[in-house]
Each structure stands twice: as C-alpha cells, then as structure tokens.
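Structure first, commentary second.
The values are calculated or read from the model by the stated rules, or taken from the named source; none is laboratory data. Given the structure is predicted, the values throughout are model-derived calculations rather than measurements. Every residue, glycine among them, receives a Cβ derived from its backbone with ideal geometry; neighbour counts consider all protein chains shown.
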Amino acid sequence: MSNSLRHLAPEFSTDEAKEIAMKFYNLNEFVCQLPSERDQNFLFQNNQSKFILKISNISEIYSIIDMQNCVMEHINTSSRCLPSLDGQMIITYKNHFIRLINYLPGVPLGNYQPHSAKLLINLGKVLGEIDKSLYEFKHESMKRDLYWNMMNAEKIINTYKHLIINKNHYEIIENILKDWIEFVIPQVSLLRCSVIHNDANDYNIIVTDEENVGLIDFGDLCETFTVCEAAIACAYIMLDKDDPIDAATNLIYGYNQIFPFEKIEIDLIYYFIRMRLAMSVTISAHQKQIQPDNHYLVISEKPAWNLLEKLTNIDSNIVHQTFRSICHFSN
C-alpha cells in the first residue's frame with residue numbers, strides 16, 4: 001500500500017520556491033504558501049493570472065503525476081498543468097517532481113456559506129460530469145493501492161481502529177465496519193469501477209457562487225468503486241449540517257441527473273458515506289501520531305465525529321428510502 005502518509009510534506013523555503021518559479025517558469029511575483037496534506041503549494045501571479053507551483057511529496061512517482069495531468073486535460077478542467085520554459089509538463093528538482101498549475105479562483109466550500117440546495121445540486125452535477133467523462137479513461141497507473149482508496153477500507157479500519165481511545169467512538173467505528181462486512185463486501189463484484197477524483201472534500205471543492213463550482217487537487221486519483229465519488233463528497237458536505245441527510249440528498253439528486261446511479265449503488269451509498277467518515281477519523285488518529293502539530297491534517301476530525309454521532313440516531317432505513325426515492329428507484 002502507498003506509504004505517502006509516512007512521508008512528511010516537502011519543506012522548501014519561500015526563497016527556494018521563488019528561485020524555482022523564476023528559473024523554470026519566469027514567474028517572480030510570489031503571493032503566499034497554500035496549505036496541503038502531503039505536498040507544498042506556492043501561489044504566484046503574473047499580471048492578472050495566478051498560478052500554483054506544486055512541489056510533490058518525495059514518495060510520488062512520475063507515472064502518478066502524469067496521470068493527474070492527463071485527467072485534468074481529459075476533463076477539460078480550468079485547473080490544469082502548464083509547461084515550463086523548455087516545454088516540460090513535469091520538472092525534477094532536488095528529487096521532487098514540480099508542476100505549475102492554473103489557480104482556480106473562488107472560496108473552499110468549507111469557508112463558503114450558505115450551502116444552499118442549489119449549490120449542492122450543482123456540486124453533484126459537476127461530480128457527475130467528471131465521472132461520466134472519466135468512466136472509460138485508462139492509464140497505466142490508475143490501479144493504485146492507496147490509503148484513501150475505499151477498496152482498502154476494511155484493512156485501514158482494522159489497522160488503525162485501536163488508536164480510537166474514546167469508547168463510544170470506537171463502538172461507532174466497529175458498527176460501521178460490521179455493516180460494511182455484512183452489506184457491502186458480499187456485493188462489491190456488482191459495483192461499477194472507474195477512475196475518480198476520490199477526494200471531493202470541503203477544501204478541494206472551490207465555489208465562486210451557487211452556479212459555479214470547481215474541483216482541485218487530483219492527488220488521490222485512482223480506480224475504485226465509481227459510487228465512492230458521490231459518497232465522499234456527501235460525507236464532507238454533511239458536516240455541520242442541521243439536516244445532513246437533506247444535504248446529501250441534494251448532491252445525489254444533482255449527480256444522478258448527469259451520470260445516473262445504478263440501483264445497487266444507491267442501495268449501498270449510505271454505507272460508503274459512513275465508511276468514508278470512519279476512514280477519515282481513523283486515518284487522522286494515525287496521522288496525529290506522525291505529525292502531531294499539523295493542524296491541516298485533522299481539520300475535519302471534530303465535525304466528522306459530531307456527524308457520526310448524529311447519524312447513529314437516524315433510522316438508516318429512512319435514509320436508504322430517501323436516496324432511492326430521489327433517484328426514482330422503488331423501495
């Protein structure tokens with residue numbers, strides 16, 4: 001399994017980033033450093049345009065970076081890789097792969113309010129468009145044994161659940177794992193698989209307004225269960241909501257309009273939502289051991305636990321019925 005979680009993010013200084021930007025891209029107007037889990041991102045501008053100098057984690061391999069570039073080009077996103085002065089899409093500097101990527105203007109969903117029904121429906125549509133475009137996309141590196149690939153969910157939970165100290169929280173994780181083994185594992189062979197973004201969290205979703213939503217950070221791209229895309233996004237847009245199921249229903253409705261779910265996917269999506277939340281808090285517990293002072297790594301941990309606690313008091317049968325109904329499947 002990919003061990004990028006064990007490799008700390010690069011530690012290039014601002015001066016080094018400026019040197020790289022000038023030498024390889026003729027950019028000299030530094031703006032700021034942006035947060036990242038395992039890479040380093042430096043924001044530069046040139047006249048009215050902004051760019052991200054992205055220094056990849058030392059554990060990344062060339063073919064993975066190439067796949068990210070190919071996907072951004074394939075789906076025609078506004079966020080895409082730009083060539084260096086000598087025409088290279090990926091440069092190597094001090095054993096790190098470096099790219100220049102168009103900056104996507106807007107505000108992370110986590111900092112944007114309100115999360116209206118219209119916004120969440122449009123987010124679902126954007127994710128549906130991406131997955132529809134990528135459904136037949138192929139690349140030599142798409143089969144990644146990644147921590148965040150939900151094909152590894154059972155292994156991840158079993159490996160790190162002992163780090164959950166709170167007894168009630170541990171019981172929540174155990175129940176999610178039990179449901180996963182009982183209801184999901186026997187049916188995985190029936191699920192569609194494809195390359196997906198795989199990390200539509202509330203800080204990778206960029207919002208200009210209700211009708212203009214984009215996605216950044218393709219670092220967790222992999223082939224996995226197609227339904228994971230919507231499930232992952234639902235897990236994050238449900239955070240801090242008075243009615244989390246309503247929020248998820250809006251996103252599912254929008255996604256289904258563009259790239260219709262199969263019935264088996266809607267039957268199982270709630271288990272995937274809960275499992276993504278379980279993976280998030282469990283991996284966070286592991287990451288805190290490695291980088292106890294890195295606030296970015298655990299930014300969603302408390303809201304995730306609050307949501308998991310709230311979901312224990314919601315009748316899952318009603319949730320399944322709601323999701324089936326919005327996609328016009330019978331109960």
Subset of the stretch 218-232 (residues that are farther than 14 Å from TYR270 by Cβ and in a helix (DSSP H, G or I)): GLU229
Meets criteria (loosely packed, with under 12 Cβ neighbours inside 10 Å, of a type outside the set (Lys, Arg) and over 23 Å from the mean Cα position of the chain (by Cα)) for ASN175: no
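State whether one or more residues within the stretch 281-290 are modelled with pLDDT of 95 or more and assigned by TED's automatic domain parsing to the domain that holds ASN152.
yes
Suppose the filter is in contact (Cβ under 8 Å) with a residue 40 or more places away in the chain, over 22 Å from ARG192 (Cα atoms) and in contact with a helix residue (DSSP H, G or I) (Cβ under 8 Å, 6 or more places away or on another chain); does ILE252 pass it?
Here the answer is no, as ILE252 does not meet what is asked.
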Restricting the stretch 122-142 to residues that are outside any loop (DSSP other than H, G, I, E, B) and out of contact with any Phe, Trp or Tyr (no Cβ under 6 Å at 6 or more places or on another chain), which is farthest from ASP209 (Cα to Cα)? LEU134
Determine whether PHE225 is under 28 Å from ASN57 (Cα atoms), modelled with pLDDT of 95 or more and not β-branched (Val, Ile, Thr). yes
Show the residue pairs meeting these rules: Cβ distance below 6 Å; 6+ apart or different chains; first residue within the stretch 9-22 and assigned by TED's automatic domain parsing to the domain that holds ILE98 and over 11 Å from ILE58 (Cβ atoms); second residue in a loop (DSSP other than H, G, I, E, B) and hydrophobic (A, V, I, L, M, F, W, C). ALA21/LEU27
Of the numbered conditions (1) at pLDDT 95 or above; (2) within 22 Å of GLN113 (Cβ to Cβ), ILE318 satisfies every one except a single condition; which is it? (2)
Residues of the stretch 291-315 being outside any helix (DSSP H, G or I) and modelled with pLDDT under 85, which ones? GLN291, PRO292, ASP293, ASN294, ILE299, SER300
Exactly one of these conditions fails for ARG99: (1) free of Cβ contacts under 8 Å to residues at least 60 places away in the same chain; (2) surrounded by fewer than 18 Cβ atoms within 10 Å (Cβ to Cβ); (3) not aliphatic (A, V, I, L, M). Give me its number. (2)
